[in-house]
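Asker: Take this structure, written in structure tokens, and hold onto it; I'll ask about it next.
The numbers here are math on the coordinates, done by the rules we state, and not lab data. No experiment lies behind these values; they were computed from the predicted model shown. Heads up, the Cβs are rebuilt from the backbone with ideal geometry, glycines too, and the neighbour counts pull from every protein chain shown.
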Amino acid sequence: MEEEGIPSERIMKELEERTRYDYTYDSGRILGSMISKPHKFAVEVYNKYLERNLGDPGLCPGVTELEKEAIMLIGSLLHHPNATGNIVTGGTEANLMAMAIARNMRNDVSKPSIVMPKSAHVSFDKASCLLRLRKVKVGLDNRFKMNVTELRKSITKDTVAIIAVAGTTALGVVDPIEEISEVAEENNIYLHVDAAFGGFMLPFLNEIGYETPRFDFSLRGVSSITTDPHKMGFCPIPSGGILFRKKNYTKYNSVKVPYLAGGITTQGTIVGTRSGASACAVWALLRHLGRKGFRDIVKHCMSLTDYLAEKIKYLEGVELTIPPTLNIIGIRSKEHDIRSIWKKLREKRWAVGGLKESLRIVVLPHIQREHIDAFLGDLQSVLRELRT
Ligand code: PLP
């Protein structure tokens, strides 16, 4: 570190230089991320309230109220306007909190385990590692949804939580949560729904006439839901959402913090100092866009998704893994190694998701028709190159 500080203009210039080759949403080249460019108004709000710290709520009673209201607004989309919860750092923190609560609720179990579909996000592997939870992974049916017969067989006296996904990371598939909820109720087991991606998509898809499966608190067995404003909610990173059915759940993961300037508090979030700006941005953007604003964005994403899915059908050497449920498309190939396709697309500066068995395209609002057409052109030449 230098002895004398460097003028800010020089630093800014260097920053610009150093990040020149980073991918940007504006370029339309990020086709495989669950994050989009944050909405301008959310960024304005975020910047204005940057200094607010929800880790010390006594210093910001106003923002503390706004966080509660943001959770209630999200809850109203999920059939539970009185839900309790937090705006957290993302889906990973939200899922960790739910798993900690599910485990701590059960003091009758010495070797706790969690049962999840094979398609569950890696954050549950982290939860298993950090919280010493044994993982039981349930197979998928031919539509890539959790196999409920196998789920029933996987439950034991040590099962402290069932996890279901509403919008899987790879394919955007929604597990049969109505049935899973019944299994959870019959066995009196905590059910966590990971709707990190689908939570801000499914309610609006339903409103624009798509047939969508039930996945939320309208199902009695659902105990908690992750839904991330920094994914399909277009808020700045970090903003995840965790919602609990009952207020008293949080006593199972909360600790007292005695040293704060704002007075003694309890914290159930994993991080201590945390962004009040995120909560303000979520609250503000939900109110600013309203249901109609979200419906319009969802319509844009779905019409481009359907367009891309249709075009993929005519490409030689690749196929859709399944017809898309949400704005996520899986592309697989019987002819070519997926990694080779991914690498060649990367050389052409396309950032798509590269899983072992499929490419992943997530059609977000920063993507326009001309980006899809340019991508399809390049994908076609990559496939041609691979054939020769
Ligand atoms: N859950 C699902 C279904 C996801 O797809 C992701 C991320 O892609 C997460 C959780 C984790 O979210 P984050 O990266 O915000 O921690």
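Asker: Rounded to whole Å and sorted largest first, what semi-axes of the equivalent ellipsoid does the C-alpha gyration tensor of segment 40-288 yield via the square root of 5 times each eigenvalue?
Answerer: Computed over segment 40-288, the values are 29, 22, 14 Å.
Asker: Right, next: Cross-link list 68/292; 299/334; 126/256; 311/343; 126/356: which exceed 27 angstrom alpha carbon to alpha carbon?
Answerer: Beyond 27 Å between Cα atoms: 299/334.
Asker: So, in nm, how far is label residue 348 from label residue 48 when the simple model puts each one 7 Å beyond its Cα toward the Cβ?
Answerer: Those two pseudo-labels are separated by 4.4 nm.
Asker: Cut-off is 10 Å between beta-carbons; in what order do 1, 12, 302, 201 appear when sorted fewest neighbours first?
Answerer: 1, 12, 302, 201
Asker: Taking the Cα centre as origin and putting +1 on Lys and Arg beta-carbons and -1 on Asp and Glu beta-carbons, what dipole magnitude results for segment 40-288, to the nearest 20 debye?
Answerer: Charge dipole, segment 40-288, about its Cα centre: 680 debye, nearest 20.
Asker: If you restrict to DSSP beta bridges whose two residues both lie in the chain, what percentage is antiparallel, to the nearest 5?
Answerer: 55 percent
Asker: In deg cm²/dmol, rounded to 500, what helix-only [θ] at 222 nm does the chain give when every DSSP H run of at least 4 residues adds -39500 (n - 2.57) and the total is split over its residues?
Answerer: About -12500 deg cm²/dmol.
Asker: Could you work out how far the C-alpha centroid of segment 291-353 sits from that of segment 1-54, in angstrom?
Answerer: Measuring centre to centre over Cα atoms gives 28 Å.
Asker: If you don't mind, there's one more thing I want to ask. Note the full-extension length gain between residue 157 and residue 385 as 0.36 nm times their separation in residues minus their Cα-Cα distance, in nm to one decimal.
Answerer: Going from the current span to full extension adds 76.6 nm.
Asker: Stretch residue 141-residue 357 to full length: gain in nm at 0.36 nm per residue minus the Cα-Cα span?
Answerer: Between residue 141 and residue 357, full extension yields an extra 76.1 nm.
Asker: With a bin width of 10 angstrom, please list the P(r) values of segment 1-123 as percents of all Cα-Cα pairs, from the 0 bin to the one holding the largest distance.
Answerer: The distribution over segment 1-123 is 9, 21, 31, 25, 11, 4, 0, given as percents.
Asker: Right, here's the next one. At most 14 other C-beta atoms within 10 Å and a DSSP loop state: those are the exposed GluC sites (Glu not before Pro) I care about. Give me the longest piece of the chain that has none.
Answerer: After excluding every exposed loop site, the longest remaining stretch is 52-210.
Asker: Set the Förster distance to 56 Å, then compute FRET efficiency between residue 27 and residue 108 from the Cβ-Cβ distance, nearest 0.05.
Answerer: 0.55
Asker: How far apart, in nm, are the 7 Å Cα→Cβ label points at residue 122 and residue 82?
Answerer: 4.0 nm
Asker: Now for a different question. Any chance you could check the Cα centroid distance between segment 147-164 and segment 196-265 for me, in angstrom?
Answerer: 23 Å
Asker: Rank 104, 82, 72 by how far each Cα sits towards the positive end of the charge dipole of segment 59-138 (+1 on Lys, Arg Cβ; -1 on Asp, Glu Cβ) and give me just the farthest.
Answerer: 104
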